[in-house]
Amino acid sequence: MTNSAISEMRLIGNPMTPEPFVLKHVFKETPDTYGLVLEPENGIENCVFHPGQFSMLWVFGVGEMPISISGDPADRARLTYTVRSVGEATSALVSSRAGDSIGIRGPLGRGWPMEAARGKDVIVVAGGIGLAPLRPVIYEILNHRSDYGRLILLYGARSLHDVLYRKELSAWARQPETQVLTTVDYGGLSWRGHVGVVTTLFKFARLRPAQSVAMICGPELMMRFVTGELEAHGIARDDIYLSMERNMKCALGFCGHCQYGPHFICKDGPVFSYERLRPLLEKYEL
């Protein structure tokens, strides 16, 4: 199924009305980041989403927030999210207990170009919690391994304690035709890996630029430098994709909270081609 077709799919009839889900499991990923697994209260296994899409999660009595879906697209029984506790709403969300009811609107937005990536190498570059929206890409590639070329993951985090999905990173690195490189800003005495910003990993990556698609998610400043590095290595601009983030309210393109130049992040994105966004990325105050 194509990205455009899936982007029109909804778990609910009215996209403005949250559907009740049951929180099945909450677990800590890092000191301030948690994994949440939710299942529909009606028990229907219809959790269909495209890698890169997001949901609006509603904590009743507190508020609603956009969170990228970070689970396996092949698992239709549940939705998994990775949430950093940074404010009242996200703090209330990660403080919820198993059995609590959470409202979900979605899936929403346009995701990663998995169809365009078929038959090509996929370069995944993530910074911090930006690995969460890209994890479904990795699942999708590994679930359909023969449909894609090499998988190269370059991941940067602040410290060892901020590295997400550590067990999975090790497991992915053992997969055929897969290279996983991780770096941290500060390693400490126990860290034996790379130290530095994520762009320092490019010199170790086994790239084939002419047959590659790149997908990037992380802080906006990081993505600016990564796109430059990809271009310097010969990756075409229209083969580079980014996931953008802005404050959202309606998540349907009505309210204008997430407007980015002529685009609405919620409706036109969150994933965009670099070619489309390049003029806007050069404006630091936008």
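All of the numbers you see were taken from the coordinates with simple rules; none came from a lab. Only a predicted model underlies this, so the values are computations on that prediction, with no experimental measurement involved. Because the Cβ atoms are built from the backbone with ideal geometry, glycine has one as well, and the counts that use them run over all protein chains shown.
Name the lysines eligible as straight-distance cross-link partners of Lys28: C-alpha to C-alpha under 29 Å, and not fewer than 8 places from it in the same chain. Within the straight-line limit of under 29 Å, Lys28 reaches these lysines: Lys167, Lys249. Across the options Phe272, Thr200, Ala236, the greatest Cα extent toward the positive end of the charge dipole of the chain (unit charges at beta carbon of Lys, Arg, Asp, Glu) belongs to Thr200.
The alpha-carbon of Lys203 sits under 12 angstrom from the alpha-carbons of these aspartates and glutamates, leaving out residues fewer than 8 places away in its chain: Glu229. D by Stokes-Einstein for the chain, Kirkwood Rh over Cα pairs, 10 °C, 1.306 mPa s: 83 µm²/s.
Of interest is the spacing of the C-alpha centroids, which for the range 258-281 and the range 128-156 amounts to 22 Å.
Charge dipole of the range 77-181 (Cα centre as origin; +1 on each Lys and Arg Cβ, -1 on each Asp and Glu Cβ, all else neutral): 80 debye, rounded to the nearest 20.
Here is the short version for the chain: Cys47, Cys217, Cys258, Cys266 have no other Cys C-beta closer than 4.7 Å. In straight-distance terms, cross-link reach from Lys24 covers every one of the aspartates and glutamates whose alpha-carbon lies under 18 Å from its own, apart from those fewer than eight places away in the same chain; here that gives Glu39, Glu41, Glu45, Asp72, Asp75, Asp100. When the Cα positions of Leu181, Thr227, Ile216 are compared along the charge dipole of the chain, Leu181 comes out farthest toward the positive end, with charges on each C-beta of Lys, Arg, Asp and Glu.
The listed peptides 130-138, 177-185, 196-204, ordered by packing as a protection proxy, come out as 130-138, 177-185, 196-204 (highest mean of other Cβ atoms within 10 Å first). Taking the C-alpha atoms only, the angle from helix 220-232 to the longest principal axis of the chain is near 40 degrees. Helix content alone sets the calculated 222 nm mean residue ellipticity of the chain: runs of n ≥ 4 DSSP H residues at -39500 (n - 2.57) each, divided across all residues, give -5500 deg cm²/dmol. Around the Cα centre of the range 109-152, unit charges on the Cβ atoms of Lys, Arg, Asp and Glu (plus for the first two, minus for the last two) sum to a dipole of about 40 debye.
In the range 180-286 the Cα-Cα distances spread across 5 Å bins starting at 0 as 2, 11, 19, 19, 16, 13, 10, 6, 2, 0, 0 percent of all pairs.
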